[in-house]
Amino acid sequence: MWTSRPLTNRRLTAALVTLALAVAGCSNDSPETTENVPSSTTQPGAATTTSTTAGPGTTPSTTEPVANDQEAIDAADAALRAADLEPARRSLFSLNFQRGETLYGDPLPPAPDDAPHDEDAERARLVEFMNSRPGLVDRALEIFDDPTYAAILPAPRLRAALAGSVGTIWEPMIDHLADPETDFTGFDYGETRWDGAIATSEGEGFGAGPRTLTVNERLRGERLELLIPSMGHEVLHDDGTGQLAEEIVANVLSAVSHGQLLLRDPSLAYEGTAVSQINNAGLAALLLSRDDEGLRLRVDGGDPLFPGADPRLDDAPDYISVLEKVYGHSNLGVSIVSDALEPRLHEMLTDVVSPGVDVPTGRDIRMTSDLIDFIDENLDLSPAGLDAVAQVQLLTLLQLIDPSVLEDLGREHGVEVEAFLPPAG
């Protein structure tokens, strides 16, 4: 067991508390648990060959990323170990939490909806977003235009969001959604089982059988990029057997995907909608859960991640503890991994553990405490493009670390700085 060092000044105040890890969605077949990216050939966290215009909210760079060199990564890793991590702008994080019996907060406020949703408009938005990764545009458009996906996702914006997950850790879920063995009957806007959920996966019961995926009707105006983490999460719930272990895996992958998307378009962090704030909070919880050795799902003796937020979270020192307290139990359970899901889950898990580590296959990949222990002991986001440099960039963007840390890396190692500096004021 690695030793741990409590991080100082990590005071996520009451306003930061999100339960975002739970609010994002849930399978209705597992009431004890709830919800919220590529292949390793892409590196969304790497520095780009040209700088973008200063400040989040600008048009994302159209330059393909290049890998951060090892010297920069080592310097960033050392800086993370020494840095104080503390939020500075509470409005970046979700307030959608209602104390009491339910895991979900008040109904999500409607996302602003003043743009057309027709096929041409959503296709154009998809191209605009994917232009940050020009090599992936054709693949994304192929999915958007595919009649198979049009039948499953009749809403053009949701289909654009699915196509936009190309190049993220959720990309394998694109094929999974259309796989006949998964028996998804549709993915559309509608009433979710919980008003505070972003999306839900619903079916007739545990095991095989038709499933319907629903995005909260209130989110018709939400940016397609911000829907990607929750949509991938729900596709993972393909058979209604989801237990807490499955929810932990899904939340980790959702947080990673949001990090990947922020590196492509930092403005997503400052959108100000409930979904943006929920996604930000889920990513923040993962990046703050660390000990002397780096990121961990479990931290022995660490400071609380959410002190003063709610009595149930006051003594939660790590990512898993937060989820356990949010869901009200620590029974990880056993979730079935279908034959269709197994190779795709294997691919996604490969992107969140150290390179060269053998990810379980076959029956060994069942979502149990053993799999959670495996991820915890080998957690490494660099294969997904979220190396130490990217983590500093994201922590700076979310105002969880002093910007001088990133500025030093930029000055000494040439990593991208300006796009991740919080806007003035």
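Take every Cα pair under 8 Å whose residues are at least 6 apart in sequence, average their separation, divide by the length of region 213-332, and the relative contact order is 19 percent. Database remark: amide H of VAL415 closer than 5 angstrom to the amide H of GLY410 (H placed geometrically; neighbours at sequence offset of 5 or more, or on other chains; Pro and chain starts carry no H). As a proxy for reagent exposure, VAL353, VAL137, VAL275, VAL127 were ordered by neighbouring Cβ count within 10 angstrom, fewest first; the result is VAL127, VAL137, VAL353, VAL275. Note on TRP194, TRP170: ascending count of other Cβ atoms within 10 Å places them as TRP194, TRP170, the fewest first. Each peptide in 71-80, 229-238 gets a packing score, the mean of other Cβ atoms within 10 Å over its residues, and the list from highest to lowest is 229-238, 71-80. Using the Karplus relation 6.51 cos²θ - 1.76 cosθ + 1.60 with θ = phi - 60°, the per-residue 3J(HN,Hα) values for region 176-192 come to 5, 4, 8, 5, x, 5, 8, 6, 7, 8, x, 9, 8, 6, x, 7, 8 Hz, with x marking Gly and Pro. The residue among GLY294, VAL337, GLY414 whose Cα reaches farthest toward the positive pole of the charge dipole of region 275-425, with charges on the beta-carbon of Lys, Arg, Asp and Glu, is VAL337. Across region 397-405, coupling constants 3J(HN,Hα) worked out from phi with the 6.51/-1.76/1.60 Karplus curve, θ = phi - 60°, read 4, 8, 6, 10, 8, 5, x, 4, 4 Hz, and Gly and Pro carry x.
Summing charges over neighbours of THR361, with a neighbour being any other residue whose Cβ is under 15 Å away from its Cβ, gives -3 when K and R count +1 and D and E count -1. The convex hull built on the alpha-carbon positions of region 118-240 has an orientation-averaged projected area of 7.0 nm². Is the shape of region 325-367 best called rounded, prolate or oblate, per the rule: a/c under 1.5 gives rounded, else a/b larger than b/c gives prolate, else oblate, with a ≥ b ≥ c the square roots of the Cα gyration tensor eigenvalues? Verdict is oblate for region 325-367.
Of the residues SER254, PRO266, GLN243, the one whose Cα sits farthest toward the positive end of the charge dipole of region 147-285, with +1 on the Cβ of Lys and Arg and -1 on the Cβ of Asp and Glu, is PRO266.
Less than 5 angstrom separates the built amide H of ALA199 from those of GLY25, CYS26, ASN216, all sequence-distant by 5 or more or on a different chain.
Using a ≥ b ≥ c from the Cα gyration tensor of region 157-219 (square roots of the eigenvalues), is it rounded, prolate or oblate, where a/c under 1.5 gives rounded and otherwise the larger of a/b and b/c decides, a/b for prolate? Oblate, since a/c reaches 1.5 and b/c is not below a/b.
Other residues whose C-beta falls under 10 angstrom from the C-beta of VAL166 contribute a net charge of -1, scoring Lys and Arg +1 and Asp and Glu -1.
Determine the sum of side-chain charges near THR148: Lys and Arg each +1, Asp and Glu each -1, restricted to other residues whose C-beta is under 12 angstrom from that of THR148. Here the count lands on -4.
We did not get these values from a lab; they are worked out from the coordinates using the rules stated. Since this is a predicted model, take the numbers as computed values, not measurements. Note that each Cβ is placed from the backbone with ideal geometry, even for glycine, and that neighbours are counted across all protein chains shown.
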